[in-house]
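Novice: Please see the structure below; I have some questions.
The values are calculated or read from the model by the stated rules, or taken from the named source; none is laboratory data. Predicted, not measured: the structure shown is a model, and the values here were computed from it. Because the Cβ atoms are built from the backbone with ideal geometry, glycine has one as well, and the counts that use them run over all protein chains shown. Side chains included, ligands, DNA and RNA excluded: accessible areas come from the protein's heavy atoms. Shrake-Rupley method; radii C 1.70, N 1.55, O 1.52, S 1.80 Å.
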Amino acid sequence: MANVSSVEQNFKAKIGASGAILLAVGSVTGSGIYVMLGPVSRYTGPSIVLAFAIDLVIAFLIACAYSECASVYPSTGGGFIFIKKAFGDKALYIGWIIWLSNMAYAAINAISVGFFMADLLGMDSEFFIITIGILAIVLFTFFNIRGSETLSKIQNPLVISLLA
């Protein structure tokens, strides 16, 4: 059986730093932020700017923690490796919690895409919204299965257009 570290050394980077950064920004900047911005600003008013500033500081601190962990433990596996190093065998449970939260995030973004497309096309059918959401999940699942290189080619133009 091959040593884990020797297996990890066979991985080659297929996307550059800019592609990786755009993938990270794309995962943080989902469609939900654009769909929910209007209703939330109705309740919060101008203080939404303060909420975004606090969120920016928190996101920066999390990014700093991830980059520090990645420099200390440079292996594949992402956040799960960092959790396993910190908590040992309990990492499996925390991994499940992260997986469930990612599923909830994907569902929220998929429904947000459905609402956005329904508003854009003037369709007000729940069936249309749910169908578009399911199609978005299936489409991006396919791109994820194809790998980060394919996902980067698809997601990078979407992220740039969303940020524009």
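Novice: Determine whether segment 46-65 contains at least one residue that is out of contact with any helix residue (DSSP H, G or I) (no Cβ under 6 Å at 6 or more places or on another chain), in a helix (DSSP H, G or I), aromatic (Phe, Trp, Tyr) and open to solvent by less than 90 Å² (accessible area, probe 1.4 Å).
Specialist: yes
Novice: Only residues that are of a type in the set (S, T, N, Q) and more than 27 Å from Gly38 (Cα to Cα): list them for segment 116-154, please.
Specialist: Thr141, Asn144, Ser148, Thr150, Ser152
Novice: Within segment 87-100, can one find any residue that is touching a residue at least 24 places away in the same chain (Cβ under 8 Å), assigned to a helix (DSSP H, G or I) and exposed (fewer than 12 other Cβ atoms within 10 Å of the Cβ)?
Specialist: no
Novice: Right, next: Sort out which residues of segment 102-124 are among the hydrophobic types (A, V, I, L, M, F, W, C) and under 14 Å from the mean Cα position of the chain (by Cα), and write them in order of number.
Specialist: Met103, Ala104, Ala106, Ala107, Ile108, Ala110, listed by residue number.
Novice: Tell me which of these Lys12 doesn't satisfy, since it passes every other one: (1) in a helix (DSSP H, G or I); (2) at pLDDT below 75.
Specialist: Condition not satisfied by Lys12: (1).
Novice: Based on this model, can you work out whether Lys153 counts as closer than 19 Å to Gly19 by Cα and open to solvent by 80 Å² or more (accessible area, probe 1.4 Å)?
Specialist: Yes, satisfied.
Novice: Still on this model: Under 8 Å between Cβ atoms, at least 6 apart or on separate chains: pull out the pairs that start in segment 128-149 with a residue that is in contact (Cβ under 8 Å) with a residue 60 or more places away in the chain and end on any residue that is open to solvent by 80 Å² or more (accessible area, probe 1.4 Å).
Specialist: Listed pairs, sorted by first residue: Gly147/Lys14; Ser148/Lys14; Glu149/Lys14.
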